[in-house]
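Chemist: This is the structure I want to talk about, given as structure tokens.
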């Protein structure tokens, strides 16, 4: 009989399963999203060089100046558009979306949709 898994253990299993096959390259870096209860973070990562090319978070000064919350869909939409603008400014057109084990729903989907609307392709 299988025991019920906690949410965090299930998320870590999904994260490992997806990350095995998902790699960001210089031509197509990885857009990764992390969410906590109060904040959301998005980064564009080149795994071959181990570098972060663009990042935006609800704890950053640019976001805090807007007076928005990172714990809702509206804040996640702003983070998605901010990270997309930074990536496009560096000439990055295509990315691989890494939901980091989170379900593609709510704030994670809002980040992805906002990045697509700004012009990132994935």
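The values are calculated or read from the model by the stated rules, or taken from the named source; none is laboratory data. This structure is a prediction, so every number in the text was calculated from the model and none was measured. Positions of Cβ are generated from backbone atoms using ideal geometry, with glycine treated the same way; all protein chains shown enter the neighbour counts.
Chemist: What about residue 79, is it part of a loop (DSSP other than H, G, I, E, B), at pLDDT 95 or above and surrounded by 17 or more Cβ atoms within 10 Å (Cβ to Cβ)?
Modeler: no
Chemist: Can you tell me which residue is farthest from residue 25 (Cα to Cα) among those in the stretch 89-99 that are surrounded by fewer than 20 Cβ atoms within 10 Å (Cβ to Cβ) and in contact with a strand residue (DSSP E or B) (Cβ under 9 Å, 6 or more places away or on another chain)?
Modeler: Checking each candidate, the answer is 89.
Yes/no matrix, rows are residues, columns are (1) at pLDDT below 95; (2) closer than 18 Å to residue 93 by Cβ; (3) touching a strand residue (DSSP E or B) at 6+ places or on another chain (Cβ under 9 Å):
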site	(1), (2), (3)
13	yes, no, no
18	yes, no, yes
38	no, no, no
44	no, yes, yes
48	yes, yes, no
66	yes, no, no
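Chemist: What single numbered condition from (1) surrounded by 21 or more Cβ atoms within 10 Å (Cβ to Cβ); (2) under 12 Å from residue 111 (Cα atoms); (3) touching a helix residue (DSSP H, G or I) at 6+ places or on another chain (Cβ under 6 Å) fails to hold for residue 70?
Modeler: Here residue 70 meets the rest and fails (3).
Chemist: For a quick check of your reading: which strands (runs of 3 or more DSSP E) sit entirely within the stretch 1-74 and have at least 1 residues that are free of Cβ contacts under 8 Å to residues at least 60 places away in the same chain?
Modeler: Passing ranges, in order: 40-46, 51-57.
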